[in-house]
Amino acid sequence: MDFDFLSDTMGKLLAGVPMTLELALISTTAGAVLAVLLAVARAAFVPAAWFVRGYVYVLRGTPLLLQIFLIYYGLGQFAWVRDTILWPFLRQPYWCAILALTINTAAYGAEIIRGGLQSVPAGAVEAGRAAGMPRLLLYRRIILPIAIRQALPAYGNEIITMVKATSLASIVTLMELSGIAYSIISETYRALEVFLCAGTIYLVITFVLTRAVAGVETWLNPHLRASRT
Amino acid sequence: MRRLPRIIALAAAATLAAMPFAQAKDWKKVTIATEGAFMPYNGHDASGKLIGFEIDLANDLCARMKVTCEIVAQDWDGIIPGLNAGKYDAIMAGMSITPKRMEVINFSRSYTQSPTSLAVLSDSKLAALPVSRVSLDDKAATDAAIAALTPMLKGKIVGAQVSTIQADMLKTYFSGVAELRTYKTSEEHDLDLTAGRVDAVLDSSSYLIAAIAKPGGEKMKMVGPLFTGGLLGKGTGVGLRKADTELQAMFDKAIAEAMADGSMKKLAIQWFKTDVTPAN
């Protein structure tokens, strides 16, 4: 093992971590907001439910790689798209990647949250209603807390998947962790060492994330914690 | 339990028999990797079959070497690691013979030579760049050409395929001047040039001429100096593992024969419309 090369590679790869985290953070945050809206809309009224079903069906049914390609290379093909006010955003690979990652994770997130919403016991909702809670308060105090608690383990999976999915952004020229890894390999032809370093960094990020999600789970489930007496 | 040792001995014997002998290889079958996205060198037709100058040339060379060849498609950015990992025995993918690549693999003698050039959109301000010929081995001419291009490319975005001599050239001469974007394939930087995401692309002129001639390529124009030499290398050759000197000798001989009897030139004219084979 050539430790000089490994540490040099590590240094170069770490420079890509902010971009990876940024892509993951922005897309999962925006995606989560969108997912909650979609899930609530699906539960709330019928025409919206059909739209959400179609959205989820299309975005879960096609590979993310294809979606990134379609948004980046596909939309750029149309001259009229380049005349819209959206073009300053779509012109940049960064925003195309964010857009693709966001709408993709929103589809999965909407399904996870739907599962959570359905797991809310009817009795709890009825009790809230009986106490005279208006609809919004009911959502805020009863439905969403229970639903989120139920959905969190699955949502944690989705967040981790998204961190790794950011590696696909390298195909639209973004220099995040994987993009830098590919470019180092293209100069040194040493795939094994570079991928090992990149894999280690992803592993560390994922480890921190799983711990954080587990922490939030414990915090939201006080009744499951061992009582400290 | 007494029968167990015999079973183990049998298994060991079978394993040994199945192992390939580590001796000088008698080449009967050669697997050649190509990219399949760099016409007219190599590409895919509508049915997904590999076609192009290098596919025809590979079949011609294999017939001369009296070996059966299998041609496989491999992504460009992993093509050299794949060779050294033993996934195939040779690379024919429009790969230029450069000192940097020679550190990890060997090359046969070259079979094409084509300068590197910029391409821009015909309605771009850069479209007025004068055409000239510059060898990067000639320091004075290189400095003058780079000095002339630098103000034109200042703040512009220039695309190139990752891991190519063109990406290397941009990094060497224009880093800090223009923003470099690297693409997995040359076809992708063409799409972004046409869409207006990059201001110029740098690629092999023989590739660019063909790309401009394709439907959808008419908005592109080749401009500025035609660069050769230096880090751009000595033409394209067959990439081979360092250990396979025998195979290298076979390719060298076959290429020399194909050049001598004019069949290589014929293939070049068929695919490139012009003779891109080296002079000697």
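Can you pull out the residues in the stretch B:241-267 that are within 14 Å of B:A58 (Cα to Cα) and either among the hydrophobic types (A, V, I, L, M, F, W, C) or not assigned by TED's automatic domain parsing to the domain that holds B:L61 (or both)?
Matches in the stretch B:241-267: B:L247, B:M250, B:F251, B:A254, B:I255, B:A256, B:A258, B:M259, B:M264, B:L267.
Check every one of the helices (runs of 4 or more DSSP H) wholly within the stretch A:122-229 and list those with 2 or more residues that are of a type in the set (D, E, K, R) and closer than 21 Å to A:T28 by Cα.
In the stretch A:122-229, A:144-165, A:191-220 are the helices (runs of 4 or more DSSP H) which contain 2 or more residues that are of a type in the set (D, E, K, R) and closer than 21 Å to A:T28 by Cα.
Among the residues in the stretch A:24-39, are any within 13 Å of A:E176 (Cα to Cα) and part of a helix (DSSP H, G or I)?
Yes, the stretch A:24-39 contains at least one residue that is within 13 Å of A:E176 (Cα to Cα) and part of a helix (DSSP H, G or I).
Does B:R181 satisfy the criteria of being at the interface with chain A (Cβ under 10 Å from one of its Cβ atoms) and in a strand (DSSP E or B)?
Spelling it out, B:R181 is indeed at the interface with chain A (Cβ under 10 Å from one of its Cβ atoms) and in a strand (DSSP E or B).
If I go through the stretch B:197-210 residue by residue, how many of them are modelled with pLDDT under 90 and either among the aliphatic types (A, V, I, L, M) or under 25 Å from A:C96 (Cα atoms) (or both)?
Counting residues in the stretch B:197-210 that are modelled with pLDDT under 90 and either among the aliphatic types (A, V, I, L, M) or under 25 Å from A:C96 (Cα atoms) (or both) gives 2.
Among the listed residues B:M65, B:M39, identify the single one that is out of contact with any Asp or Glu (no Cβ under 7 Å at 6 or more places or on another chain), surrounded by 15 or more Cβ atoms within 10 Å (Cβ to Cβ), outside the structural domain of B:A211 (by TED's automatic domain parsing) and modelled with pLDDT of 90 or more.
Only one candidate passes the filter, namely B:M65.
Can you tell me how many residues within the stretch B:30-50 are part of a strand (DSSP E or B), in contact (Cβ under 8 Å) with a residue 12 or more places away in the chain and either of a type in the set (S, T, N, Q) or closer than 17 Å to B:Q270 by Cβ (or both)?
Selection size over the stretch B:30-50: 5.
Which members of the stretch B:184-218 meet the condition of being facing another protein chain (nearest Cβ under 9 Å), of a type in the set (D, E, K, R) and out of contact with any Gly (no Cβ under 7 Å at 6 or more places or on another chain)?
B:K184, B:E188
Which one is nearest to the other protein chains (Cβ to nearest Cβ), of the residues in the stretch A:173-183 that are touching a residue at least 24 places away in the same chain (Cβ under 8 Å) and in contact with a strand residue (DSSP E or B) (Cβ under 9 Å, 6 or more places away or on another chain)?
Filtering first and then ranking leaves A:T173.
If B:L226 satisfies all but one of (1) assigned to a strand (DSSP E or B); (2) crowded, with 19+ Cβ neighbours inside 10 Å, what's the number of the condition it fails?
Every listed condition holds for B:L226 apart from (2).
If you check A:A151, A:A110, which single one turns out to be under 23 Å from A:G54 (Cβ atoms), free of Cβ contacts under 8 Å to residues at least 40 places away in the same chain and either crowded, with 23+ Cβ neighbours inside 10 Å or within 14 Å of another protein chain (Cβ to nearest Cβ) (or both)?
Answer to the selection: A:A151.
Please enumerate the residues belonging to the stretch B:96-122 that are in a loop (DSSP other than H, G, I, E, B) and within 13 Å of another protein chain (Cβ to nearest Cβ).
The answer is B:T98, B:E103, B:V104, B:I105.
Out of the residues in the stretch B:158-178 that are outside any helix (DSSP H, G or I) and more than 12 Å from B:L118 (Cα to Cα), state the one that is modelled with the lowest pLDDT.
Here the residue is B:S163.
Going through B:A145, B:A128, B:A93, B:A119 one at a time, which residue ends up being surrounded by fewer than 18 Cβ atoms within 10 Å (Cβ to Cβ) and either in contact with a strand residue (DSSP E or B) (Cβ under 7 Å, 6 or more places away or on another chain) or of a type outside the set (F, W, Y) (or both)?
Only one candidate passes the filter, namely B:A128.
The values are calculated or read from the model by the stated rules, or taken from the named source; none is laboratory data. Just so we're clear, the structure is a prediction, and the values are computed from it rather than from any experiment. Positions of Cβ are generated from backbone atoms using ideal geometry, with glycine treated the same way; all protein chains shown enter the neighbour counts.
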